[in-house]
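This structure is in structure tokens; I'll ask about it shortly.
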Amino acid sequence: MSIPQSGGGPIEHHSQLAEYLADGCKPREDWRIGTEHEKFGYCKDNHKPIPYAGERSILAVLEGLRDVHGWAPVLEEGNLIGLEKDGANVSLEPGGQLELSGAPLETIHETCDEVNIHLREVKDIADKVGVGFIGLGAAPEWSHDDMPLMPKGRYKLMDAYMQKVGTMGRSMMRRTCTVQVNLDFSSEADMVKKFRVALALQPVATALFANSPFFDGAPNGHKSWRARVWRDLDSDRTGMLPFVFEDGMGFERYVDYALDVPMYFVYRDGKYINALGQSFRDFLKGALPALPGEMPTLSDWADHLTTIFPEARIKKFMEMRGADGGPWRRLCALPAFWTGIIYDQNSLDAAWDVVKDWTGAQREALRIAASVDALQAKVDGIDMHNLARQVLDISEAGLKARARSGADGMIPDETHFLNALRESVESGQVPADELLERYHGAWQGDLSRIYGEFSY
């Protein structure tokens with residue numbers, strides 16, 4: 001999850017809220033790719049989740065990355081809760097999941113290099129302290145009480161609030177992991193088209209990357225339990241955002257939506273001030289109960305935007321949020337998949353042609369069906385397997401058109417990063433299917449085998 005934002009002056013006019021989003025518009029030559037991925041840490045000897053502090057802990061891993069690999073520390077109230085280096089940062093999710101938020105890069109080649117370097121550094125430190133890391137969409141065995149809450153003020157507030165607004169918010173916080181990509185837009189119209197395509201096709205990403213068929217030590221009936229969790233988290237701030245597809249969609253319309261999302265906090269002087277359930281509209285009037293008489297800054301607005309969790313969202317860029325965490329090949333495949341669709345105009349147009357006639361009910365039904373059945377999902381004559389093949393072809397065409405070479409020109413484009421997805425489309429099997437096959441076959445119901453065979 002996001003770190004506190006900074007650098008924003010006072011909000012003096014309502015128009016600044018939409019202008020903040022519009023300031024993200026960039027010419028095509030300045031478009032970048034930012035990849036984020038989370039992973040679970042565990043003790044190698046007993047497969048228990050690692051605590052924040054101790055010999056085998058998240059703190060030990062962060063300290064090792066700092067001391068051995070040159071990352072700069074990020075502190076909150078004296079606790080080491082993150083790291084920064086070269087435009088990237090390492091942070092902690094609520095249950096101790098370790099996240100890399102990558103630097104904004106020009107190509108998937110650079111993104112994959114960044115991912116591989118990070119995983120090597122993490123493994124170097126993890127091996128020294130006796131822990132491992134695994135990429136899955138949901139914790140396979142651990143209970144809520146097994147997962148420690150990290151010492152971040154934001155998470156303490158969220159943990160209490162989540163119990164009041166949904167049934168699965170605390171599961172999301174402590175027991176799920178994702179991989180996502182952040183991409184740019186050039187104008188308001190470009191943002192709207194990309195946003196619509198992104199939301200409509202998130203179920204395809206959910207299906208292709210489904211990797212969480214286990215929860216509480218057994219199969220859960222879904223290929224992506226992470227996606228199931230997000231459906232019962234907090235309806236005020238999650239979902240498929242039907243208004244994005246309505247006439248009049250633009251930055252101002254998103255502002256109206258965001259203003260109606262209840263607040264979590266205000267960040268002041270290194271501390272999170274409880275504003276749970278309060279209204280940013282009241283904040284704009286100087287009437288926020290948490291800070292009576294105080295007016296918000298653009299940093300407060302930026303922070304508030306990070307507390308909204310739809311399947312795709314905008315800040316000064318667009319985030320694709322529908323995929324489970326997974327093996328390293330898919331950490332490179334996710335940004336490649338969306339870059340091919342979003343960063344080539346012909347591919348974007350082709351993708352819109354695929355989804356433009358879908359109803360809101362169909363988009364929501366696809367979201368649900370993808371979490372249950374992945375590529376075997378079917379909704380109103382829409383076959384997910386065939387849809388995924390069609391969309392993957394669109395993405396591949398976009399990457400070919402980009403023609404961003406790698407390995408000093410030896411690799412002509414970025415299409416090979418889609419190979420893992422191509423294999424899934426050809427076989428009809430996603431990572432969850434492989435896990436279930438092993439569980440019911442060679443593992444004979446012994447879920448502990450997952451750590452040895454699927455860790456980084």
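Read the figures in this text as sums done on the coordinates, not as results from a lab. Since the model is a prediction, treat every value here as computed from it, not as a measurement. With ideal geometry, Cβ positions are generated from the backbone for all residues, glycine too; neighbour counts draw on all protein chains shown.
Spelling out what I want: for every residue of region 435-447, take phi, set θ = phi - 60°, compute 6.51 cos²θ - 1.76 cosθ + 1.60 (Karplus), and round to whole Hz; glycine and proline get x.
4, 5, 4, 5, 4, 7, x, 4, 7, 6, x, 8, 6
Would you report the distance distribution of C-alpha pairs in region 1-87 as whole percents per 10 angstrom bin, up to the bin with the largest distance?
Once binned at 10 Å, the Cα pair distances of region 1-87 give 12, 30, 28, 19, 10, 1.
222 nm [θ] for the chain, helices only, -39500 (n - 2.57) per DSSP H run of 4+, per residue, to 500?
-13000 deg cm²/dmol, from helical runs alone.
Which whole number in µm²/s is D for the chain by Stokes-Einstein, with the Kirkwood Rh taken over Cα pairs at 10 °C and 1.306 mPa s?
71
Could you list which residues have their amide H under 5 Å from that of ARG404, counting only those 5 or more apart in sequence or on another chain, with H placed in the peptide plane?
The answer is GLU414.
Still on this model: Below 8 Å between Cα atoms, with a sequence gap of 6+, how large is the relative contact order for the chain in percent?
About 21 percent, as a whole number.
How big is the C-alpha Rg of region 281-422 next to the rule-of-thumb value 2.2 N^0.38 Å, as a ratio?
Region 281-422 yields a ratio of 1.36.
Another question about this same structure. Gap in Å between the Cα centre of region 431-456 and the Cα centre of region 195-259?
Value for the Cα centre distance between the two parts: 27 Å.
Let me ask another. Enumerate cysteines in the chain without a disulfide-compatible partner, where compatibility requires another Cys Cβ under 4.7 angstrom.
CYS25, CYS43, CYS177 - these cysteines have no disulfide-compatible partner (Cβ-Cβ under 4.7 Å) in the chain.
Rule-of-thumb check for region 214-320: C-alpha Rg over 2.2 N^0.38 Å?
1.27
Provide the packing ranking of 185-196, 248-259, i.e. peptides ordered by the mean count of other C-beta atoms within 10 Å per residue, highest first. Spell out each step's value before the answer.
Values: 185-196: 18.7, 248-259: 17.1.
Per-residue Cβ counts within 10 Å, averaged per peptide and sorted highest first, yield 185-196, 248-259.
Okay, moving on. Based only on other Cβ atoms within 10 Å, what is the fewest-to-most ordering of HIS13, HIS69, HIS118?
In increasing order of surrounding Cβ atoms, one gets HIS13, HIS69, HIS118.
Restrict the search to region 1-76; then list the GluC sites (Glu not before Pro) that DSSP places in a loop and that have at most 14 other Cβ atoms within 10 Å of their Cβ.
Answer by residue number: GLU12, GLU55.
Between GLN429 and SER235, what's the calculated FRET efficiency when r is the beta-carbon distance and R0 is 35 Å? Round to 0.05.
The formula returns an efficiency of 0.60 here.
Label points 7 Å out from Cα along the Cβ direction at LYS85 and LYS128: separation in nm?
Simple spin-label model gives 1.1 nm for this pair.
Would you mind checking which residues have amide H under 5 Å from ALA138's amide H? H placed 1.01 Å from N; only 5 or more apart, or other chain.
When sequence neighbours closer than 5 places are left aside, the close amide H contacts are CYS177.
Can you compute 3J(HN,Hα) from phi for each residue in region 24-32, using the Karplus curve 6.51 cos²θ - 1.76 cosθ + 1.60 with θ = phi - 60°, rounded to whole Hz and x for Gly and Pro?
For region 24-32, the Karplus-derived couplings read x, 4, 9, x, 3, 5, 9, 5, 10 Hz, x marking Gly and Pro.
Further question on the same structure: For a label point 7 Å from the Cα of LYS164 along Cα→C-beta, name the residues of region 282-297 whose backbone N is under 18 Å from it.
Only 282-283, 288-292 fall inside the zone, counting backbone N under 18 Å.
Name all residues of region 40-70 having a backbone nitrogen under 19 Å from the label point set 7 Å from the Cα of ASP145 along its Cα→Cβ direction, giving them as ranges.
Under 19 Å, as judged by backbone N against the label point of ASP145, lie 47-52 of region 40-70.
Would you pull out the residues with amide H under 5 Å of GLU76's amide H, same chain only if 5 or more places away, H placed 1.01 Å from N?
Residues meeting the criterion, in which the H sits 1.01 Å from N, are ILE81.
Contour minus end-to-end for LYS316 and ASN346, with contour as 0.36 nm per residue of separation and end-to-end as the Cα-Cα distance?
8.5 nm
Taking neighbour Cβ counts within 10 Å as the exposure measure, how do CYS112, CYS332, CYS43 sort from fewest upward?
Details: CYS112 23, CYS332 26, CYS43 19.
Least to most surrounded, the residues fall as CYS43, CYS112, CYS332.
Related question: Between MET295 and ARG120, what length comes free when the chain is fully extended (0.36 nm per residue of separation minus the Cα-Cα distance, one decimal in nm)? Display every interim value, and only then the final one.
Values: separation 175, 0.36 × 175 = 63.00 nm, distance 4.52 nm.
Residue separation times 0.36 nm, minus the Cα-Cα distance, leaves 58.5 nm.
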